[in-house]
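Here's the structure, in structure tokens; my notes come after.
The values are calculated or read from the model by the stated rules, or taken from the named source; none is laboratory data. The structure presented is a predicted model; accordingly, all values stated were derived computationally and were not measured. Every residue, glycine as well, gets a Cβ built from its backbone with ideal geometry; the counts of neighbours run over all protein chains shown. Please note that ligands, DNA and RNA were not included when accessible areas were found on the heavy atoms of the full protein model with its side chains. Shrake-Rupley method; radii C 1.70, N 1.55, O 1.52, S 1.80 Å.
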Amino acid sequence: MKIIKLKEIDSTHKLALRMIENNSAFECGIIADIQTNGVGRCERKWESAPGNLYSSIIKKIPPSVDICKISLATACAVHEAVENLIDSKEHLYLHWPNDIYYKNKKLSGILLAVVEDWIVISVGINIHSVSAPTAVSLDSIVGGFCVSAHQLFDSVLNKLSTWLNLLQIEGFFGIREYWLRNITGMNSEVTIRNGRDSLSGIIRGIDELGRLILECNGRKIYISSGDMFMNEKEIMVKYD
Ligand code: BTN
């Protein structure tokens, strides 16, 4: 896959969307050393100091594959790429819908956009620095420099290609299994926010369609999008 390597850009995600808009898109990876206007999910800002991974992948949407499943497959790819670099693998989690957490802190975020028959898969990973106390960097986990953004992007691309092939050939089963092995908050109480709506319940897994299964007052509710917040008390019990 061709990789576009940039020193600085407003946002690799926005660049990918512009390429699609001006009909100049092709299947490629984009990586930038610095972003001046990085974006996260729900139109949040994504602080983008030098040293971390800022990347986007433009792909044609594979026939008859759900976007939700591509999102979960991407999280598996990032989780695996990072897992290879750290010793304390048992603390590395998939955090629904598609974040990677180390203990109770965010290590990586994924942002997806679909335009016509294109999908933009954007991945940010904190390698050297963080912009909030709720985030964690790879360097701080490993205790020193462990990987460059370019090396890590190569690894994410390789893993992603494997997971997407698996999804197309064998379906969602392996991805779901990987999620169930690595998900944070299983059987714990969480709150899911979606715009102004919020719903609290206990995580009971991921269903065959990639939706989060939340048990609320004894009923199972199936959720396909939103932001997940853990109950703070449970996090303290788990890690202190
Ligand atoms: C999130 O968790 O909110 C998603 C964060 C996605 C950040 C990446 S960094 C590379 C790409 N360019 C952006 O502006 N955002 C994504």
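General observations
- Taking label points 7 Å from Cα along the Cα-to-Cβ direction, R196 and R44 give a separation of 2.1 nm.
- Inter-site label distance for K89 and Q151 at 7 Å from Cα along Cβ, in nm: 1.8
- Here E21 sits with roughly 150 square angstrom of accessible surface, probe radius 1.4 Å.
- Accessible surface, per residue, of the chain when the full set of protein chains is kept, probe 1.4 Å, Å²: 49
- Computed over protein heavy atoms with a 1.4 angstrom probe, the accessible surface ordering of M186, M19, M230, M1, largest first, is M1, M186, M230, M19.
- If you look at the Cα atoms of the chain, you get an Rg and a Dmax of 17.3, 52 Å.
- Here region 176-229 exposes an accessible surface that is 40 percent carbon and sulfur, computed with a 1.4 Å probe and the other protein chains kept in place.
- Counting heavy atoms of the protein chains alone, E47 has an accessible area of about 100 Å² for a 1.4 Å probe.
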